[in-house]
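Asks: Provided herewith is a single structure, encoded as structure tokens, for subsequent inquiry.
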Amino acid sequence: MRTNSNELTDGNGTVVLPEKLAYSIHEAILATGLGRTFLYDRMMSGELKSRKLGGRRVILKNDLMEYLNSSPPGQGLSW
């Protein structure tokens with residue numbers, strides 16, 4: 001069911017958002033729990049792919065998942 005051209009709702013009137021294909025830096029921070037500086041460092045080194053679209057930098061969901069899955073378990077733990 002559609003309530004307007006920008007919203008999708010389920011049968012109970014709950015707004016259902018489409019799955020995101022790309023994340024802003026802030027969204028990537030929230031989705032992963034990683035820090036802003038950490039993400040920017042990885043983008044600058046080329047380890048994490050990002051794209052500049054207009055004035056925004058975005059990280060494609062697939063690129064973020066690829067980066068996260070490429071890190072060995074336990075790497076970087078200090079304890």
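Every read-out reported here was derived from the displayed coordinates using simple, explicitly stated rules and does not represent laboratory data. It should be emphasised that the depicted structure is a prediction, and the values quoted were computed from it without experimental measurement.
Asks: Quick one: length gained pulling Leu8 to Asn69 fully straight, 0.36 nm per residue minus the C-alpha distance? Don't skip to the end; give the middle numbers.
Replies: On the way: separation 61, 0.36 × 61 = 21.96 nm, distance 3.13 nm.
Full extension of this stretch gives 18.8 nm more.
Asks: Between Arg57 and Ser45, what length comes free when the chain is fully extended (0.36 nm per residue of separation minus the Cα-Cα distance, one decimal in nm)?
Replies: Details: separation 12, 0.36 × 12 = 4.32 nm, distance 1.54 nm.
My answer for the length gained is 2.8 nm.
Asks: Percentage of Cα-Cα pair distances in segment 8-78 greater than 22 Å, rounded to whole percent?
Replies: Across segment 8-78, Cα pairs with separations above 22 Å total 31 percent.
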